[in-house]
């Protein structure tokens, strides 16, 4: 069923928020790191599975090269990193403020400010990135494993929700609404595009995305900081290349 990936993503964010509110600070960093490594390994495996669906490796190769040129010209990676850096600074500032308040109980923190910060920070982080776009498009196109990528993203978002909720509070849970709107819109758009995409176009776009997913896995494992976001235009160029040269 299309949209199941987003539904699971929402549940993991809500569950992660609950855990973060109850026991987030008690979870050891070692456990979080190990779980994240497991998700990274699984991401690489999924990427390899997707990449092997190409009928001709030249198509994803050309799409990735041209996509990288376009992506670097538009500075897509830097723009997304700027958003991520904004989120990081927001969380760090809130953490410092909370520690200061804990040392000075006569000045209680504003519950409304904490709610807004938690909602905004989590919404930005959960809905900006290559995995959001790749996963939503794959989910919208359908197929037996259409929600696989969003399941991986759901696991990652659940872990992040634990950390965010332990510092920013229950406003993190409301980022689930943003996930529904953003990922749901991308999934619906991909479902509409499915009417004009041929099976070959979908295969080559899937393979191109698979290579990018491997890059995400390498980043999660801290093996190589691949500039995955810069390759995002390749998802559009791959089916265009099939339409022009591989009918």
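Considering the conditions (1) in a helix (DSSP H, G or I); (2) surrounded by fewer than 22 Cβ atoms within 10 Å (Cβ to Cβ); (3) in contact (Cβ under 8 Å) with a residue 40 or more places away in the chain, residue 197 is excluded by exactly one of them, (1). Looking at the stretch 162-180, can you tell me whether even one residue there is in a loop (DSSP other than H, G, I, E, B) and either in contact (Cβ under 8 Å) with a residue 12 or more places away in the chain or under 16 Å from the mean Cα position of the chain (by Cα) (or both)? Yes, the conditions are met somewhere in the stretch 162-180. For the stretch 223-247, the set of residues classified as in contact (Cβ under 8 Å) with a residue 40 or more places away in the chain, within 21 Å of the chain's Cα centre (by Cα) and either in a loop (DSSP other than H, G, I, E, B) or more than 22 Å from residue 77 (Cα to Cα) (or both) consists of 227, 232, 233, listed by residue number. When we screen 35, 45 for residues that are closer than 19 Å to residue 220 by Cβ, over 16 Å from the mean Cα position of the chain (by Cα) and modelled with pLDDT under 80, the only hit is 35. Selection of first residues in the stretch 131-149 that are in contact (Cβ under 8 Å) with a residue 60 or more places away in the chain and at positive phi and of second residues that are surrounded by fewer than 24 Cβ atoms within 10 Å (Cβ to Cβ) and not in a helix (DSSP H, G or I), restricted to Cβ pairs under 9 Å at least 6 apart or on distinct chains, gives the following pairs, ordered by first then second residue: 142/2; 142/194. Here residue 229 qualifies as crowded, with 20+ Cβ neighbours inside 10 Å, under 15 Å from residue 130 (Cα atoms) and in contact with a helix residue (DSSP H, G or I) (Cβ under 6 Å, 6 or more places away or on another chain).
The values are calculated or read from the model by the stated rules, or taken from the named source; none is laboratory data. This is a predicted model, so every value here is computed, not measured. Counting neighbours? That spans all protein chains shown, and the Cβs are built from the backbone with ideal geometry, glycine included.
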